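Before any comments, here is the structure.
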Amino acid sequence: GEDVEQSLFLSVREGDSSVINCTYTDSSSTYLYWYKQEPGAGLQLLTYIFSNMDMKQDQRLTVLLNKKDKHLSLRIADTQTGDSAIYFCAESRGGTYKYIFGTGTRLKVLA
Amino acid sequence: NAGVTQTPKFRVLKTGQSMTLLCAQDMNHEYMYWYRQDPGMGLRLIHYSVGEGTTAKGEVPDGYNVSRLKKQNFLLGLESAAPSQTSVYFCASYPRRTFNSPLHFGNGTRLTVT
């Protein structure tokens, strides 16, 4: 996707924390999202953060937003094998129709 | 509620053949999108629609056409398929003017062009 970058792969051991990173370039982004894609399925929304927030926590998920560096991260605590999937960050730009997706990070959780 | 339904789930085409992918949503959403997903490239927007009877080009529109004759349906057409169009195609929808609402995705259509 244009202007939104992620590393392609991440491997962690079960029970460890996973941190998936994303950088974006458009400072007008209003909302930033994390989507999860399981094999053979479409994307499902995991969580989102409004651009005036620094952090959002939702059970095992923590989203951190650094607007100055245009950096977004998703931390999954106590990673489980069921968390193995592709994770996409996405941004929506204020006042537009556009959702721009990153390239996706494939998370592999080792038992 | 079925959400977003895509048909077919799989298709194999020969170069030069044509086909139409159908997306149907039962949530009364205004906005509908067609994306393609390729390894290492994420999701790229092909075409989108902001309402019945309107369509517009996204990032990678060449070789595709779309129509939105009914609010609930968004069709993606390939007039003359090429191997470069081998991909997984996703349709998505979301309500108008609610930027904190998630995109609702279908389960995808896997297309192979030989």
Right, B:Leu75: assigned to a strand (DSSP E or B), modelled with pLDDT under 95 and closer than 20 Å to B:Asn107 by Cα or not?
no
Residue list for the range A:53-106, filter: of a type outside the set (A, V, I, L, M, F, W, C), away from chain B (no Cβ under 14 Å) and within 26 Å of B:Glu59 (Cα to Cα)
A:Lys67, A:Asp69, A:Lys70, A:His71, A:Ser73
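Residues are listed down the side, and each one gets a yes or a no for (1) surrounded by 14 or more Cβ atoms within 10 Å (Cβ to Cβ); (2) touching a residue at least 12 places away in the same chain (Cβ under 8 Å):
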| residue | (1), (2) |
| --- | --- |
| B:Lys57 | no, no |
| B:Tyr64 | yes, yes |
| B:Leu69 | no, yes |
| B:Glu79 | no, yes |
| B:Ser87 | yes, yes |
Here's a check for you: in the range B:1-27, which residue that is over 15 Å from B:Val113 (Cα atoms) and not aliphatic (A, V, I, L, M) is surrounded by the fewest Cβ atoms within 10 Å (Cβ to Cβ)?
B:Asn1
Residues of the range B:2-38 classified as over 18 Å from B:Gly106 (Cα atoms) and out of contact with any Leu (no Cβ under 9 Å at 6 or more places or on another chain), total
3
Looking at (1) among the polar types (S, T, N, Q); (2) within 24 Å of A:Leu8 (Cβ to Cβ); (3) crowded, with 16+ Cβ neighbours inside 10 Å, which is the only condition B:Ser49 fails?
(2)
Could we say that B:Arg110 is charged (D, E, K, R) and under 14 Å from the mean Cα position of the chain (by Cα) here?
yes
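The values are calculated or read from the model by the stated rules, or taken from the named source; none is laboratory data. These figures come from a predicted structure and were not determined experimentally. Quick reminder, even Gly has a Cβ in these numbers, built from the backbone with ideal geometry, and neighbours come from all protein chains shown.
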